[in-house]
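Accompanying notes for the structure given below.
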There are 2 protein chains.
Amino acid sequence: MATGNEPTTVLATPNIALVKYWGRRDSRLNLPTNSSISITLGEGLSTRTSVLLTNRIRNDTLYINGERHRLGTAKDEKFFYIGRVLDELKRMDGTKKRMLVVTENNYPTGAGLASSAAGAAALIHAASEALGLNLDAKEMSRVARLVSGSGCRSLFGGFAIWHMGKEADGRDSYAEQLYAPEHWPDIVDIVAIVDRGRKPVSTSEGHERTRASSNLYKYRADHAEERSMRLMDALKHRDFESMAHITMRDSNSMHACCLDSYPPINYLNDDSVRIMRAVHMLNDAHGEMVAAYTFDAGPNAHVITTRRNAERVMAALKDSLGKRAELMLLGQGSGPRILGAKESLIDMERLRPVAHE
Amino acid sequence: MATGNEPTTVLATPNIALVKYWGRRDSRLNLPTNSSISITLGEGLSTRTSVLLTNRIRNDTLYINGERHRLGTAKDEKFFYIGRVLDELKRMDGTKKRMLVVTENNYPTGAGLASSAAGAAALIHAASEALGLNLDAKEMSRVARLVSGSGCRSLFGGFAIWHMGKEADGRDSYAEQLYAPEHWPDIVDIVAIVDRGRKPVSTSEGHERTRASSNLYKYRADHAEERSMRLMDALKHRDFESMAHITMRDSNSMHACCLDSYPPINYLNDDSVRIMRAVHMLNDAHGEMVAAYTFDAGPNAHVITTRRNAERVMAALKDSLGKRAELMLLGQGSGPRILGAKESLIDMERLRPVAHE
């Protein structure tokens with residue numbers, strides 16, 4: 001609604017998929033080959049994005065972590081997919097103003113910590129709000145999907161599902177909330193950061209290479225879709241045992257398909273494997289599932305557990321990793337929220353990011 | 001023919017499969033789900049085995065690297081499968097004597113360097129010789145297969161194929177030579193030992209866990225059988241490009257199925273991944289294939305290349321691994337050979353392994 005001269009600022013958080021999005025049936029529209037289900041994380045990791053509509057700049061402009069990028073719609077521009085989407089939103093609104101976007105992560109970008117998902121959710125929420133478009137959540141998720149596939153899930157708190165859809169134009173490929181955090185508040189995520197570097201193969205390149213070259217991948221989609229259906233059931237009944245089993249198997253299946261690609265993609269490292277072994281040993285020792293690991297496109301782990309068991313899981317991870325790992329305990333997030341003017345990232349005098357302290 | 005009182009001693013070498021044996025349709029008879037093709041390696045890595053038929057000991061006895069094991073045929077004995085096979089060979093011969101077997105590897109056992117394959121080939125060759133059974137090579141390979149599946153290929157020099165066969169009793173599942181080393185003498189193998197420890201999951205357990213639990217594995221067999229057929233063609237035409245491509249893809253497919261098993265099996269480590277990347281970079285830099293990696297059930301690499309390129313491949317591996325790796329350049333082996341009495345491992349006075357210097 002704030003179509004005036006003030007920036008709109010939104011904070012969003014990454015999500016961690018328990019059944020993953022890997023491989024696309026349409027790479028321009030980010031249409032997946034299976035439905036995916038995730039937990040939106042609490043605010044320990046977050047992305048803040050401010051959007052301003054203004055006549056005072058010449059071109060649509062994007063600052064990511066202080067670095068300036070021109071937002072074009074030409075295919076050779078680095079962020080053309082964002083430019084294209086914002087252009088479309090502006091067309092819906094009819095405005096002729098330029099858009100200034102400033103976004104910052106409080107954690108490493110490109111390290112497999114879903115910075116692009118949180119970024120897409122914050123951007124689309126803020127842009128839609130700045131333009132006063134009144135998009136509903138389903139429509140917003142479709143637009144966020146175009147920027148970053150898994151970003152569509154970060155528009156919802158708690159547990160979210162991204163329906164794969166069947167239509168060629170993607171109109172039935174959107175996300176929605178399955179359960180608010182209150183449904184199963186005991187569930188938490190321990191993020192184990194073992195490597196803060198950028199991943200050697202980007203998520204986008206990984207999707208494409210796996211689809212184009214892995215023989216085994218052709219068979220993953222069916223299993224993954226079936227896992228999504230079983231996971232919905234497990235979440236409904238708060239069945240930790242089933243959820244943990246499905247989560248670990250799906251993560252392993254995705255990374256198996258990466259390894260089967262050509263040239264092979266190895267996101268996991270020795271510390272990732274140490275975490276996997278520690279979790280299996282812990283579960284074996286307890287005679288029941290107390291934790292489940294899952295890895296996105298990088299070596300850093302998300303270990304899903306319950307508040308009750310979080311301390312002993314963290315102790316086991318520390319034992320297996322020593323001082324190498326940074327552990328962070330996160331609850332479930334409530335989805336994006338609009339911040340006040342004081343938290344804006346835009347210096348209105350200079351129309352640039354506010355000075356970093 | 002030496003059925004007298006002298007031990008028979010045979011030296012055999014490991015083989016490295018370019019299309020791998022992984023997963024069995026019958027685990028008692030070691031019947032595979034696809035045909036496999038390997039290179040028998042030169043004598044840098046080797047197993048020596050002495051067999052003596054004697055009335056001077058009470059039970060069939062096996063020494064492995066100096067450690068004594070009783071050779072029973074009961075299922076709970078550690079080496080019952082060897083006991084069973086030797087029992088069968090003795091029955092064919094009609095002898096009532098006991099068998100003393102002494103075997104030694106000149107390299108680490110259980111580190112994914114195919115010690116069991118070389119051991120099975122040396123044992124069956126030596127036992128058959130000691131008993132004077134005159135088994136032909138095909139028959140010997142069927143017997144070696146019962147001891148260690150991939151062992152049946154180590155009975156032949158150069159390139160060997162193990163036909164998967166279709167019969168339930170395994171009579172058509174045997175190995176034979178495809179080409180002697182002279183067919184393509186330029187081909188060599190650089191063994192990169194990055195870890196001398198025992199693998200965390202034995203080959204036998206790995207086979208079984210993958211078959212029982214991996215979803216993706218069900219689809220590997222078809223691809224692997226087809227790769228074997230294409231590899232035969234590549235070997236016939238000395239087509240390094242195709243051989244290299246098939247070899248790397250098959251190795252990655254096997255390890256992908258391991259990762260997809262439950263609990264997952266991770267044989268590769270960070271050094272393995274460094275080697276994989278170094279080989280891809282080298283091939284890219286040359287604009288053609290000059291090397292191909294392949295990994296058995298462990299992190300140690302075999303890098304197949306040509307004599308012409310061996311030096312630059314070794315330099316690239318050293319660059320990527322630093323001092324961690326021990327590299328060994330091996331040519332193709334000629335298959336098992338009988339050694340003279342001086343090289344026997346049996347101290348005839350004490351009927352024990354000769355004292356180690």
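Miscellaneous remarks
- Coil-residue GluC sites (Glu not before Pro) of segment A:48-153, DSSP, other Cβ within 10 Å capped at 16: A:E77
- Normalised Debye scattering of the protein assembly as shown at q = 0.06, 0.09, 0.10, 0.11 Å⁻¹ gives log10 I(q)/I(0) of -0.43, -0.83, -0.97, -1.10, counting only Cα atoms as equal scatterers and leaving out solvent.
- For the pair segment B:202-247 / segment A:258-317, the C-alpha centres are spaced 28 Å from each other.
- Of B:K20/B:K318; B:K78/B:K138; A:K218/B:K20; A:K90/A:K138; B:K138/B:K199; B:K90/B:K342, pairs whose Cα-Cα distance is over 23 Å: B:K20/B:K318; B:K78/B:K138; B:K138/B:K199; B:K90/B:K342
- Accessible surface comparison of B:V354, A:V101, probe 1.4 Å, protein chains only, largest first: the order is B:V354, A:V101.
- Taking each residue as 0.36 nm, the span from B:K323 to B:K166 lengthens on full extension beyond its C-alpha to C-alpha distance by 51.8 nm.
- Between amide H atoms placed 1.01 Å from N, distances below 5 Å from A:V188 occur with A:T305, A:T306, A:R307, all of them 5 or more places distant or on a separate chain.
- Adding -39500 (n - 2.57) for every DSSP H run of four residues or longer, then dividing by how many residues chain B holds, sets the calculated 222 nm ellipticity at -11500 deg cm²/dmol.
- Buried on assembly, segment B:262-280 (at least 40 Å² less accessible surface than by itself, 1.4 Å probe): B:Y262, B:P264, B:N266, B:D270, B:R277, B:H280
- By accessible area, using a 1.4 Å probe on protein heavy atoms only, segment A:8-353 has 47% of its surface on carbon and sulfur.
- Using a Förster distance of 22 Å, the FRET efficiency for B:S213-A:S213 (Cβ separation, nearest 0.05): 0.35
- Accessible area per residue for segment B:204-330 is 39 Å², calculated with a 1.4 Å probe on protein heavy atoms, without ligands, DNA or RNA.
- Reduction of at least 40 Å² in accessible surface, 1.4 Å probe, comparing all protein chains with the chain by itself, residues of segment A:180-229: A:N215, A:L216, A:Y219, A:H223
- Segment A:118-140 and segment B:7-71 have Cα centres spaced 66 Å apart.
- If you take all other residues with their beta carbon under 10 Å from the beta carbon of B:T54, and give Lys and Arg +1 and Asp and Glu -1, the sum is +3.
- C-alpha long axis of helix A:270-286 to longest principal axis of chain A, angle in °: 50
- Accessible surface comparison of A:K75, B:K318, B:K90, B:K138, probe 1.4 Å, protein chains only, largest first: the order is A:K75, B:K318, B:K138, B:K90.
- Shortest-first distances to equivalent copies, position A:E225, nm, label 7 Å out along Cβ: 2.7
- Listed residues B:D233, B:D93, B:D271 arranged by accessible area, highest first, probe 1.4 Å: B:D233, B:D93, B:D271
- With a simple spin-label model that places each label point 7 Å from the Cα along the Cα-to-Cβ direction, the separation between A:A315 and A:D87 comes to 5.8 nm.
- If R0 is taken as 35 Å, the Cβ-Cβ distance between A:E139 and A:D239 corresponds to a FRET efficiency of 0.60.
- Probe 1.4 Å, protein heavy atoms only - accessible area per residue of segment A:1-115 in square angstrom: 40
- 7 Å along Cα→Cβ, label-point gaps from A:R238 to other copies, nm, shortest first: 7.1
- Position A:I57, label points 7 Å along Cα→Cβ, spacing to each other copy in nm (shortest first, one decimal): 8.3
- In this rough spin-label picture, where each label sits 7 Å from Cα along the Cβ direction, the B:A285-B:E205 distance is 3.9 nm.
- Shape category assigned to segment A:149-281 from the gyration tensor of Cα positions, a/c cut at 1.5: oblate
- Using only alpha-carbon positions in segment B:8-353, the gyration tensor eigenvalues give semi-axes of 33, 22, 19 Å once each is multiplied by 5 and square-rooted (largest first).
- A:L18 long-range amide H proximity, modeled H, under 5 Å: A:I37, A:S38, A:I39
- Nonlocal amide H pairs with B:L178, under 5 Å, H built at 1.01 Å: B:F159, B:A160, B:I161
- Chain A packed on chain B takes about 2700 Å² of accessible surface away from a 1.4 Å probe, both sides summed.
- Label-point gap, in nm, between A:L351 and A:H69 - each point 7 angstrom along Cα→Cβ: 2.1
- Mean separation of Cα contacts under 8 Å (6+ apart) over length of chain B, as relative contact order %: 25
- Most mobile listed residue (B:L113, B:L216, B:L45) in chain B, GNM with C-alpha springs under 10 Å: B:L216
The values are calculated or read from the model by the stated rules, or taken from the named source; none is laboratory data. Since the structure is predicted, the reported quantities are computational estimates derived from the model, not experimental observations. Counting neighbours? That spans all protein chains shown, and the Cβs are built from the backbone with ideal geometry, glycine included. What goes into the accessible areas is simple: the full protein's heavy atoms, side chains included, and nothing from ligands, DNA or RNA. Shrake-Rupley method; radii C 1.70, N 1.55, O 1.52, S 1.80 Å.
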